[in-house]
1. Could you figure out which of (1) surrounded by 11 or more Cβ atoms within 10 Å (Cβ to Cβ); (2) modelled with pLDDT under 95 isn't true of residue 48?
2. If you scan the range 37-56, which residues turn out to be out of contact with any Ser or Thr (no Cβ under 8 Å at 6 or more places or on another chain), among the small types (Gly, Ala, Ser) and either in contact (Cβ under 8 Å) with a residue 60 or more places away in the chain or under 25 Å from residue 97 (Cα atoms) (or both)?
3. Could you list all residues from the range 1-36 that are surrounded by fewer than 13 Cβ atoms within 10 Å (Cβ to Cβ), under 24 Å from residue 97 (Cα atoms) and within 13 Å of the chain's Cα centre (by Cα)?
4. Among the residues of the range 51-72, what is the count of those that are surrounded by 14 or more Cβ atoms within 10 Å (Cβ to Cβ) and out of contact with any Asp or Glu (no Cβ under 9 Å at 6 or more places or on another chain)?
5. Conditions first: (1) of a type outside the set (S, T, N, Q); (2) assigned to a helix (DSSP H, G or I); (3) touching a strand residue (DSSP E or B) at 6+ places or on another chain (Cβ under 7 Å). Residue 17 passes all but one, so which condition is the exception?
6. Scan the range 60-79 residue by residue and report those that are in contact with a strand residue (DSSP E or B) (Cβ under 7 Å, 6 or more places away or on another chain) and under 17 Å from residue 26 (Cα atoms).
Amino acid sequence: MLIYNVTCNVEKDAHEKWMAWIKQTYLRSVMATGCFSGYRLLKLLGDDEGVTYAFQFNCPHIDKFLHFQAQHKPALMHDLAERFNQQAFYFETLLEEVEQSQAELVSSLSPN
């Protein structure tokens, strides 16, 4: 599983408008591409320089990500830049899931 991570730092005075647009338009648009199987929206705690979020989109295969990157990402990022120009800073990473654990699994593996 691949995880396409987009981290965004938003100025505090633009935060409400930005978040409304992210939830109503951006996340729906990304998921509508059919390239991702789900997402998580996370907020960074303790940020004094605005408000920071990470979007983590689950991508089952590199071909789907490459399709997204070539066919959908440019328009989405252009829209973000036009709407929030200097009020938001973004950077992206592509991660490969190596291992995942669940509390039940970890506790069942512990010696008693």
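1. Result: residue 48 passes all but (1).
2. 37, 38
3. 28
4. Of the residues in the range 51-72, 13 are surrounded by 14 or more Cβ atoms within 10 Å (Cβ to Cβ) and out of contact with any Asp or Glu (no Cβ under 9 Å at 6 or more places or on another chain).
5. Single failed check for residue 17: (3).
6. 65
The values are calculated or read from the model by the stated rules, or taken from the named source; none is laboratory data. Given the structure is predicted, the values throughout are model-derived calculations rather than measurements. Using ideal geometry, Cβ is built from the backbone for each residue, glycine included, and neighbour counts are taken over all protein chains shown.
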